[in-house]
Amino acid sequence: MNIPNDNNIESKVLSALMNSADAIHTIASILQPSSFYNNENRLIYITCIGLYNDSKIPDMSLVAAELKGKVDLITISTIAGEFCDEVVLDDYCRVLKELEMRRDMLAGIAKMQKAASLDTDIFDLTAEVSSYIDKVGAAPKETIVNTTTLFKDTFKAIEEASNNEGGCTGISSGFNDLDRLTNGFGKGELIIVAARPGMGKTTLALNFMLEAVKQEKRVLMYSVEMTATELGLKLVSNLSGIDGDRIHRGKLTENEYKGVYQDTSEIINSGLLNVDAETSDLFGIKAVAKKLNHKTKVDMIIIDYLQLLSGGDKTNKQQNREQQISFISRNLKALAKELDIPIICLSQLSRAVESRGNKRPMLSDLRESGAIEQDANKVLFIFRDGYYAKNNDNTTEVIVAKNRAGSLGTATLQFYGATSSFVNDGFTPF
């Protein structure tokens, strides 16, 4: 089988790198060392990049000196003598990138063939194949934004915010006081919503989801904890205002049945709500999200919840759970940036909260990994004193403990567990 590659184009690109100080800006924004199939070409590329990083111009002499004993001088001088018109350099780079993608696809297919062997761990194999698919799907994009584009996009964001109720620059949460703190859920953001069990994490996430759909945003929710039917029952209770227990048992009057259909028809007919209650591993989540986003643009993803996800860095066989959570967190942040959408991920808090007199959560309470705090753009905590006092006080604090694009503070909501809903209450700034 012929492996997709083009040694001639590889040589021309490397020639440009060794003969033009400006070529690096075009080449490095598109190509990685793996983009070069020929091993000697790959070594030359790595050496050139290394010299640039050391503030040196990688001409033929310096490259030859660095690679003495590894790549023949005649080979380097022949490549340096190639002619490459910089007008077509960008096209050459993209050809090499596409050839690399084809090689990655073939490598993924080769991995799949291992499935025939019963000695192969099928779950490890699935993760490996998914990583190849991720790499193939990551098309090159321009990473540098000039001031013209920067301010054009910035003023566009300001204009969009001015048209949103409450002045949100992102997707509104549906709670005015919370939006005043967060400016909504912005593109490329990882938002962590954390609480101890029983505080209403899933309910708050469903409220965010319904509000986004009302704004005509397409939402994808991964539910690792609940089935799709359980989520559906919560949504029906929220939209109809009917006690969830009665809906679960089907104890509705004829008029209530009619009302339920009317209350849910707008959401049903919108086609904007997507739920995946089967996928629970990181690579599967990424694959499903990219597939759906390719077919119909996704505007927001919600994951319930982080500690139930599986997946990790397969290159680290000694990885503990904290390292796995860190790996998942970093990948979710990267996915948010790649798809240019907010990802809201629910998270458990450690039991340390329960041992304190003041049980309001702190950033140090994020369970299993400090990397969650580091990766997140926003961290929201849910706290309800009535839960610990065992009374009927439903006053709930949504504490904005970290916020790269807004203020810190507390928005106060009212929680109604029977109908899986939160409503606005008040606002207390720090």
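Could you give every pair whose Cβ atoms fall below 6 Å, whose first residue belongs to the range 389-406 and is under 12 Å from Val379 (Cα atoms) and touching a residue at least 12 places away in the same chain (Cβ under 8 Å), and whose second residue is among the aromatic types (Phe, Trp, Tyr) and buried (at least 18 other Cβ atoms within 10 Å of the Cβ), counting only separations of at least 6 or pairs across chains?
Between residues of the range 389-406 that are under 12 Å from Val379 (Cα atoms) and touching a residue at least 12 places away in the same chain (Cβ under 8 Å) and residues that are among the aromatic types (Phe, Trp, Tyr) and buried (at least 18 other Cβ atoms within 10 Å of the Cβ), the close pairs are Ile399/Phe381; Ala401/Phe381.
I'd like the full set of residues that are open to solvent by 50 Å² or more (accessible area, probe 1.4 Å) and either of a type in the set (S, T, N, Q) or over 15 Å from Leu220 (Cα atoms) (or both), limited to the range 258-295.
Matches in the range 258-295: Lys258, Tyr261, Gln262, Asp263, Glu266, Asn269, Asp281.
Do you know which residues across the range 166-200 are of a type in the set (Lys, Arg) and either open to solvent by less than 20 Å² (accessible area, probe 1.4 Å) or part of a loop (DSSP other than H, G, I, E, B) (or both)?
Of everything in the range 166-200, those that are of a type in the set (Lys, Arg) and either open to solvent by less than 20 Å² (accessible area, probe 1.4 Å) or part of a loop (DSSP other than H, G, I, E, B) (or both) turn out to be Lys187, Arg196.
Has the range 248-255 got at least one residue that is outside any loop (DSSP other than H, G, I, E, B) and touching a Ser or Thr at 6+ places or on another chain (Cβ under 8 Å)?
No: zero hits.
In the range 252-287, how many are among the β-branched types (Val, Ile, Thr) and within 16 Å of Cys345 (Cα to Cα)?
Qualifying residue count for the region: 3.
Given the condition open to solvent by less than 20 Å² (accessible area, probe 1.4 Å), within 20 Å of Val193 (Cα to Cα), of a type in the set (A, V, I, L, M, F, W, C) and not in a helix (DSSP H, G or I), answer yes or no: does some residue in the range 226-241 qualify?
For the range 226-241, residues open to solvent by less than 20 Å² (accessible area, probe 1.4 Å), within 20 Å of Val193 (Cα to Cα), of a type in the set (A, V, I, L, M, F, W, C) and not in a helix (DSSP H, G or I): absent.
Can you give me the number of residues within the range 323-348 that are over 9 Å from the mean Cα position of the chain (by Cα) and surrounded by fewer than 21 Cβ atoms within 10 Å (Cβ to Cβ)?
4
Counting just the residues of the range 31-61 that are within 22 Å of Arg102 (Cα to Cα) and open to solvent by 80 Å² or more (accessible area, probe 1.4 Å), which one comes out nearest to the chain's Cα centre (by Cα)?
That would be Gln32.
Listed residues Ala64, Ala16; which is surrounded by 15 or more Cβ atoms within 10 Å (Cβ to Cβ), touching a residue at least 40 places away in the same chain (Cβ under 8 Å), out of contact with any Gly (no Cβ under 6 Å at 6 or more places or on another chain) and over 30 Å from Val129 (Cα atoms)?
Unique residue meeting the criteria: Ala16.
Just need a number here: residues in the range 306-339 that are assigned to a loop (DSSP other than H, G, I, E, B) and at pLDDT 80 or above.
1
State whether the residues of the range 258-275 include one that is in a helix (DSSP H, G or I) and touching an Asp or Glu at 6+ places or on another chain (Cβ under 8 Å).
In the first step, residues of the range 258-275 are kept if they are in a helix (DSSP H, G or I); the result is 258-270.
Next, from what is left, pick out any that are touching an Asp or Glu at 6+ places or on another chain (Cβ under 8 Å): 270.
The answer is yes; a qualifying residue exists.
The values are calculated or read from the model by the stated rules, or taken from the named source; none is laboratory data. Nothing here was measured: the structure is a model prediction, and the numbers come from that model. All Cβ positions, glycine included, derive from the backbone under ideal geometry; neighbour counts span all protein chains shown. These area figures cover heavy atoms from the full protein model, side chains too; ligands, DNA and RNA do not enter into them. Shrake-Rupley method; radii C 1.70, N 1.55, O 1.52, S 1.80 Å.
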